[in-house]
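Read the figures in this text as sums done on the coordinates, not as results from a lab. Keep in mind the model is a prediction, meaning the values are calculated, not measured. So basically every Cβ, Gly included, is an ideal-geometry build from the backbone, and we count neighbours across all protein chains shown.
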Amino acid sequence: MVFENLSEKLQNALGKLTGKGKLSEKDVDIAMREVRLALLEADVNFKVVKNFTKNVKERAIGNEVMQSLTPGQQVIKIVNDELTKLMGDKEVKIAFASSPPTIILMCGLQGAGKTTTTGKLAYNLKKQNKRPLLVACDIYRPAAIKQLEVVGEKVDVPVFSMGNKHDPVDIAKAAIEHGKKHGNDVIIIDTAGRLHIDENLMEEIENIKNIVKPNEILLVLDAMTGQDAVNVAESFDDKLGITGVVLTKLDGDARGGAALSIRAVTDKPIKFVGMGEKFDQLEPFHPDRMASRILGMGDVLGLIEKAQANIDAEKAMELEKKIRSAQFTFEDFLDQLEQMRNLGPLDQIIGMIPGMNSKALKGLEVSEKEIGHIEAIIKSMTKKERENPEIIDSSRRKRIANGSGTSVQEVNKLLKQFKETKKMMKRFGEMEKTMKKKGKFG
Ligand code: GDP
């Protein structure tokens, strides 16, 4: 889960304040000490931490909070506000050029996820009805051009390349001409990455920048590298003047140090975060939603957006009807599981539900595996069996267990649970009908 460790520690520290009817300055002090430790352990920049706890404390020991009926809740709200502010308050979107094409220069160190992010960004822009063009300006790694071409093919976006015999500045210039001629309204230039920041790398990107005059210079950073990422951001910003950051691999970042420090240290916004290796796993960065996720208050808006983008509303209505009339089959169940999968990995989804924290998640680790088994079992049934599971006899149960790599016990358990659930649905359906008749329901 994103920021799992940080989340757990902060929630523990603040949880101690909520049960109290009155708070003393000492209570706040103790909690702030724990908050400070949690943030330092999360690898947040120490100056940022110092400022943060100072701000929270100043606001928390004010009269309004101390004399309120729910002082603990008030402190949590202050922490939520300050976390949001720390990450930049509001989402900062891509600044599109008033007259296209918009030019986006991508930069970053090798391995940060630059090429993947370039593909994700192109995918994201295509969904907004843009016509992006990718440009291969990394001429030093022979595999880099090929990698970008593969990415382009996967997201179905054209890639402009001139091999590795030309100067990157010339390639960029030619690409823009090409893009203008072919109606591309966003041109995303992938530049070379190095293992460390060096003069040559910076000089080259600076040259490209001076010639193409990009609307955006996006620095791709690996969230897992914590304060190193922040240092890289400072260096690139000093030399190049970046316009924003894409923080990758947030899906594996239990600590959150980079995400919480970058804005405060560089004053440059995080525009997107990478939540996985797939092309649709790039998300706009919303500081307010991230703050409430860290504090276990969920991200309901994010969840709704995901659902709207991925769930077929018509199918959902049809399903509801079937459930109400207890005509729900294994076929529908499989469909539902797939729709849920479309929302993303289970642990990321759960983290967006209010009140769900890492402890609640621990119990769910098994579930992801179990869901996989359930899916495999249903897929091993014939269509007829899915519609009418009563016909599944013991020899078929054995075959299904073999086919799905599970055991007969698991198959039996699923069949039994399904039968029970249907019975219950039927009972609910009938109850609803009688209640309706009596005018007590719906
Ligand atoms: P580049 O050298 O900066 O171009 O890096 P690549 O784009 O080749 O990415 C390096 C590795 O990081 C690849 O294995 C990617 O799949 C992986 N990666 C990139 N972004 C993410 C992300 O948001 N989450 C995860 N889990 N992996 C990512």
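For the stretch 9-125, max minus min Cα coordinate along each principal axis, in Å, sorted largest first?
Principal-axis extents of the Cα atoms in the stretch 9-125, largest first: 58, 32, 23 Å.
List the lysines whose Cα lies under 27 Å from the Cα of Lys57, skipping any in the same chain that are fewer than 8 positions away.
In chain and number order, the partners are Lys9, Lys16, Lys20, Lys22, Lys26, Lys47, Lys77, Lys85, Lys90, Lys268.
Give the cross-link partners of Lys383 among the lysines, using a straight C-alpha distance below 25 Å as the criterion and excluding same-chain residues fewer than 8 apart.
Counting by Cα, and skipping residues close in sequence, Lys383 has these lysines nearby: Lys315, Lys321, Lys322, Lys369, Lys398, Lys413, Lys416, Lys419, Lys422, Lys423, Lys426.
Determine ³J(HN,Hα), in whole Hz, for all residues of the stretch 244-250 in sequence, where each value follows from phi through the Karplus function 6.51 cos²θ - 1.76 cosθ + 1.60 and θ = phi - 60°; x replaces Gly and Pro.
Running phi through 6.51 cos²θ - 1.76 cosθ + 1.60 with θ = phi - 60° gives x, 10, 10, 9, 8, 6, 5 Hz.
About the Cα centre, and with charges only on the beta carbon of Lys, Arg (+1) and Asp, Glu (-1), how big is the dipole of the chain? Nearest 20 debye, please.
2100 debye
Using the Cβ atoms and a cut-off under 10 Å, what net charge is assigned to the surroundings of Asn124, where Lys and Arg are +1 and Asp and Glu are -1?
+2
Asp222's amide H: which non-local residues (gap 5+, or another chain) put their own amide H closer than 5 Å, with H modeled 1.01 Å from N in plane and none for Pro or chain starts?
Here the answer is Thr248, since their amide H atoms fall under 5 Å of that of Asp222.
Count the net charge of all other residues whose Cβ sits under 10 Å from the Cβ of Asp89, scoring Lys and Arg as +1 and Asp and Glu as -1.
Summing Lys and Arg as +1 and Asp and Glu as -1 gives 0.
Normalised radius of gyration for the chain, please: alpha carbon Rg relative to 2.2 N^0.38 Å, two decimal places.
Cα Rg divided by the expected 2.2 N^0.38 Å: 1.18.
So in the chain, what percent of DSSP beta bridges are antiparallel if you round to the nearest 5?
10 percent
So which trypsin sites (Lys or Arg not before Pro) in the stretch 81-174 are both in a DSSP loop and have at most 14 other Cβ atoms within 10 Å of their Cβ?
Details: sites: Lys85, Lys90, Lys93, Lys114, Lys120, Lys126, Lys127, Lys130, Lys146, Lys154, Lys165, Lys173; in loops: Lys90, Lys93, Lys130, Lys165.
Passing both the DSSP loop test and the Cβ count: Lys90, Lys93, Lys165.
Amide H of Gly256: which non-local residues (sequence gap of 5 or more, or other chain) have their own amide H closer than 5 Å, using H built in the peptide plane?
Excluding prolines and chain starts, which carry no amide H, there are no hits.
Quick one: which residues, 5+ away or cross-chain, put their amide H under 5 Å from the amide H of Met297? H built at 1.01 Å from N.
Gly355
List, in order, the whole-Hz ³J(HN,Hα) value for each residue of the stretch 168-180 obtained from phi through the Karplus relation with A = 6.51, B = -1.76, C = 1.60 and θ = phi - 60°; use x for Gly and Pro.
x, 5, 5, 4, 4, 4, 4, 5, 5, 4, 4, x, 4
How high is the FRET efficiency between Glu430 and Glu331 when r is their beta carbon distance and R₀ equals 30 Å, given to the nearest 0.05? Before the final figure, lay out the partial values.
Details: r = 24 Å, r/R0 = 0.79.
For Glu430 and Glu331, the calculated efficiency is 0.80.
Could you give me the ³J(HN,Hα) list for the stretch 40-45, computed from phi with Karplus coefficients 6.51, -1.76, 1.60 and θ = phi - 60°, whole Hz, x at Gly and Pro?
Karplus-based 3J(HN,Hα) across the stretch 40-45 equals 5, 5, 7, 6, 7, 3 Hz.
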